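Input: one structure, supplied below.
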Amino acid sequence: MRAYPRARRVAALIQEELSTTLIKKIKDPRLTETTVTGVKVTDDLKTARIYYCTSSRPGAREDAALGFKKASGFLRRELGAALELRVVPALEFFYDESLEYGQRMDALIASLKTEKTEEEA
């Protein structure tokens, strides 16, 4: 088995291209506050799972999902041209909940520290 499989290299290229160029090209206002946080490509290079986060504005998560759904054809075509892939993976978009999870954990730890200092006093 190779130390650095092609799927990971393609995923890194897709993430870089989406983050630096393609998201900015999209005129959809639902995607203006969206950041691509990760990309995972299947070993057969047929599917790319794109993870994103967006602002905490109510409804922003659903708006971004709709924006990505509408722009997926454009993004796939542009990725094919930019990366010169013979076959461009199908794009699937998923909201990245890891940031929210991390914020919840930080809040829990902070509340535990506060409780501990109150008990000591």
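What follows is calculated from the coordinates using simple rules that are stated; it is not laboratory data. Just so you know, these numbers come straight off a predicted model, no measurement behind them. Quick reminder, even Gly has a Cβ in these numbers, built from the backbone with ideal geometry, and neighbours come from all protein chains shown.
Just to verify a result, which residue in the range 10-21, among those that are surrounded by 19 or more Cβ atoms within 10 Å (Cβ to Cβ) and hydrophobic (A, V, I, L, M, F, W, C), is farthest from the chain's Cα centre (by Cα)?
V10
Mind listing whichever residues of the range 66-97 are under 16 Å from G38 (Cβ atoms) and surrounded by 13 or more Cβ atoms within 10 Å (Cβ to Cβ)?
F68, L75, L79, P89, L91, E92, F93, F94, Y95, D96, listed by residue number.
Still on this structure, I have one more. The conditions are (1) under 26 Å from R104 (Cα atoms); (2) crowded, with 16+ Cβ neighbours inside 10 Å, and A48 fails exactly one of them. Which is it?
Of everything listed in (1) under 26 Å from R104 (Cα atoms); (2) crowded, with 16+ Cβ neighbours inside 10 Å, A48 misses just condition (1).
A quick yes/no check of all residues on (1) out of contact with any helix residue (DSSP H, G or I) (no Cβ under 6 Å at 6 or more places or on another chain); (2) among the polar types (S, T, N, Q):
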position: A7; (1), (2): yes, no
position: S19; (1), (2): yes, yes
position: K24; (1), (2): yes, no
position: R30; (1), (2): no, no
position: T34; (1), (2): no, yes
position: D43; (1), (2): no, no
position: K46; (1), (2): yes, no
position: A65; (1), (2): yes, no
position: L108; (1), (2): yes, no
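Turning to a different aspect of this structure: Taking the conditions exactly as written (acidic (D, E), surrounded by 13 or more Cβ atoms within 10 Å (Cβ to Cβ) and within 15 Å of V10 (Cα to Cα)), does E100 satisfy them or not?
No; evaluated as a whole, the condition is false for this residue.
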